[in-house]
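Each value in this text was obtained by applying a stated rule to the coordinates, not by laboratory testing. Being a predicted model, the structure only gives us computed values, none of them experimental. Positions of Cβ are generated from backbone atoms using ideal geometry, with glycine treated the same way; all protein chains shown enter the neighbour counts.
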Amino acid sequence: MEPRNSFTFTLDETQQAALILLLEQGNYRPATVPYATIAADAEHCRIVLYQSGKCVVQGKGAQEFLTFVLEPQVLLSAKVGYEEVVNPEAFAPHIGVDESGKGDFFGPLVIASAYSDKTLVKPMQEIGVRDSKTISSDARALDIAKALRQLLGNRFSIVAIGPRKYNELYTRIRNVNSILSWGHARAIENLLEKIPSCTRAVSDQFGSKEQVKRALMQKGRKIELVQMHKAESDIAVAAASILAREAFLVGLRKLGEQYEVKFPKGASDLVQQAAVNAIVKHSPTILLETAKCHFKTTDTVLSRMNLTRAALGPDGAAQSATANGFRFRRKESGAGGGSQ
């Protein structure tokens, strides 16, 4: 079947807002079109949202853009159908892998894998599965994840690396991509135990594919591993991203309940203040139990409290990329620089 190269849709206000956000924040080239609210060029196609609410996608890459981007992230429904996609691998049986928490100071690093085939694509779309980064509401992400788990049954796997274990791994490995490679490999292996017939896995391109391959065990080494940019456009990877986000949010909440401190997402000033509050309530070593201590946020927070990484103990001090040589004591009044 020859792919179509032109599509037209009328978008409601919510869909228009989603498309505008997508085109403004994504890797698209702005274009000037009369009477357009926004227009941009993607690879091999142009997307135009007119003031009337009409959206036009044209070009030889229009069908691919519609299937992998517009449908899951804006329309939230299948208009063309994956049977019409030029690349049949998009709906063939495969595993998607994604992570959550990598850029968050507090909370675990979570890697999830999810299975998809042609029988699951439409039900996934109907419950709202799309790249979790395009879902602004945590409550909405949690709702989709709940429905997704019910849909998949046991056809997914979660690998959650808590802060204490993460800090131990980083002290030994000192490379986040190596930790991610190990987590991706485990998530794939775990799912292959449930679906041994699957022969393909897709993930985002975060580092060397060979790292993941080396981390795979005997069963996983037989699988075709595909890394690509914007892999979340793949429905299985999008499903994994949602499941990983759910597990991260739940893990972050449980840490807050355990230590009676509200731990925000990200690495903002609000996060720094939460770290200060946690140290005041407990001790500096709480960061080893709740945070990724190689972040520069650690040095910033400790400096605000006139402390060095030595206050975290040997494991915390060993992670510092900028604070080597700190002794196990509080900074003396008037001491410059921090090194004793």
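Brief remarks on what is shown
- Among beta bridges from DSSP that stay inside segment 90-254, the antiparallel ones total about 60%.
- Taking amide H positions as modeled 1.01 Å from N, with prolines and chain starts lacking one, the residues under 5 Å from V202 and 5 or more places away or on another chain are I95, G96, V97, V226.
- Other residues within the sphere of radius under 13 Å centred on the Cβ of V271, judged by their own Cβ, net out at +3 (K and R +1, D and E -1).
- Mean Cβ neighbour count within 10 Å, used as a protection proxy, ranking 122-133, 94-105 highest first: 94-105, 122-133
- Quarter of the Cα convex hull surface for segment 90-254, i.e. its orientation-mean projected area (nm²): 8.9 nm²
- Toward the positive end of the charge dipole of the chain, with +1 on the Cβ of Lys and Arg and -1 on the Cβ of Asp and Glu, the farthest Cα among T290, I111, L191 is that of T290.
- Entries in K118/K292; K165/K209; K60/K213; K118/K254; K60/K122; K122/K230 that, when Cα-Cα distance is taken, lie over 31 Å: K118/K292; K60/K213; K118/K254
- Computed extension gain for S283 through A31, at 0.36 nm per residue and net of the alpha carbon distance, reaches 85.3 nm.
- Distance from segment 140-209 to segment 211-287 (C-alpha centre basis), Å: 10 Å
- Distance between segment 39-56 and segment 1-31 - C-alpha centres, whole angstrom: 5 Å
- Full-extension gain in nm, V276 to M228, via 0.36 nm per residue minus C-alpha separation: 13.4 nm
- Between T32, T134, T285, the Gaussian network model of the chain with springs among Cα atoms under 10 angstrom shows the greatest mean-square fluctuation at T32.
- Gaussian network model of the chain, Cα within-10 Å springs - most flexible of K281, K213, K265: K281
- The chain, helix-only ellipticity at 222 nm - DSSP H runs n ≥ 4, -39,500 (n - 2.57), divided by all residues, nearest 500: -12000 deg cm²/dmol
- Two-decimal ratio, segment 6-86, of alpha-carbon radius of gyration to 2.2 N^0.38 Å: 0.98
- Estimated D of segment 260-318 in µm² per second, where Rh is the Kirkwood radius over Cα pairs and Stokes-Einstein applies at 10 °C, 1.306 mPa s: 142 µm²/s
- FRET efficiency, S268 to T8 (Cβ-Cβ, R0 35 Å, nearest 0.05): 0.30
- Peptide packing: for 242-248, 289-295, 164-170, the average count of neighbouring Cβ atoms within 10 Å per residue gives the ranking 242-248, 289-295, 164-170, highest mean first.
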